[in-house]
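As structure tokens, the structure follows; a few thoughts come after it.
The values are calculated or read from the model by the stated rules, or taken from the named source; none is laboratory data. Since we're looking at a predicted model, the values are computed, not measured. All Cβ positions, even for glycine, are placed from backbone atoms using ideal geometry, and neighbour counts span all protein chains on display.
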Amino acid sequence: MQVTPVTFFSNSSNQQNPVFPIIATGGQVIIFRSGSNFYKSHTFTTGSNTFSVLTGSIPNTQLLIIAGGGGGGNATAVLGGLYAGGGGGGAGGAIYSGSYSLTTGSYTLVVGNGGASGSNGSNSTGFSLTAIGGGRGANTIGNPPSQPGSAGAAGGSGGGSIGSFGGAV
């Protein structure tokens, strides 16, 4: 499974019984402690989702949006039983905000998938922000150097170039 979280934190300093005055729903909810503070996170890992703030506002939300990574490039057998490897797919782009303000309401979040072989990763979106999917890796198409193949694609992080010739196929 492609894990691409969108995470929100709200703080509570009561160590005996953490109280979160903001009521929010959606995603996988985890409460954890860091130092003397407790935090609540909402994590979304796939598809289209709704995050809802039911009461209050969250003035200093930390959010992380990560797009799907690009698929690796395709390898092709070439003359003499050798092969050239396809390039690695690029990482999905990431957006981080340590002080995003959320108000009462519902927010649509879309988590981008990783790309299939030879394809870019999908964008992840939410809160009018878009993290760009990773670029696909380069494909080999023939007998380098006369037919070197395609370049890796641009994306959140660009895809890698083709590999060297290797052993027999």
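Beta carbons closer than 9 Å, at least 6 apart along the sequence or on distinct chains, pair a first residue in the stretch 95-124 that is farther than 30 Å from Gly152 by Cβ with a second that is among the hydrophobic types (A, V, I, L, M, F, W, C) and part of a loop (DSSP other than H, G, I, E, B) for Tyr100/Phe8; Tyr100/Phe127; Leu102/Phe8; Leu102/Ile22; Leu102/Phe127; Tyr107/Phe127. Scanning the stretch 55-67 for residues that are modelled with pLDDT under 90 and touching a Leu at 6+ places or on another chain (Cβ under 7 Å), we see that the one that is nearest to Ser157 (Cα to Cα) is Thr61. When residues in the stretch 128-150 are screened for being surrounded by fewer than 19 Cβ atoms within 10 Å (Cβ to Cβ), at pLDDT 90 or above and in a loop (DSSP other than H, G, I, E, B), 1 of them pass. Residues that are closer than 20 Å to Ile162 by Cα, surrounded by fewer than 18 Cβ atoms within 10 Å (Cβ to Cβ) and not small (Gly, Ala, Ser) are absent from the stretch 26-38.
Scanning the stretch 2-25 for residues that are closer than 23 Å to Gly158 by Cα, at pLDDT 75 or above and in a strand (DSSP E or B) turns up nothing.
Within the set of pairs 6+ apart or on separate chains, which have a first residue in the stretch 28-39 that is over 25 Å from Thr50 (Cβ atoms), a second that is among the aromatic types (Phe, Trp, Tyr), and C-beta atoms under 8 Å apart? Sorted first by the residue in the stretch 28-39, then by its partner, the pairs are Arg33/Tyr39. A single entry from Thr61, Thr108, Thr45, Thr50 fulfils the requirement of being in a loop (DSSP other than H, G, I, E, B) and more than 30 Å from Ser150 (Cα to Cα): Thr45.
If I filter the stretch 35-54 down to residues being over 18 Å from the mean Cα position of the chain (by Cα) and within 13 Å of Ser106 (Cβ to Cβ), which single residue comes out as modelled with the highest pLDDT? The qualifying residue modelled with the highest pLDDT is Ser52. Tallying residues that are closer than 18 Å to Ser57 by Cα, surrounded by fewer than 19 Cβ atoms within 10 Å (Cβ to Cβ), modelled with pLDDT under 90 and not hydroxyl-bearing (Ser, Thr, Tyr) within the stretch 68-113 yields 1.
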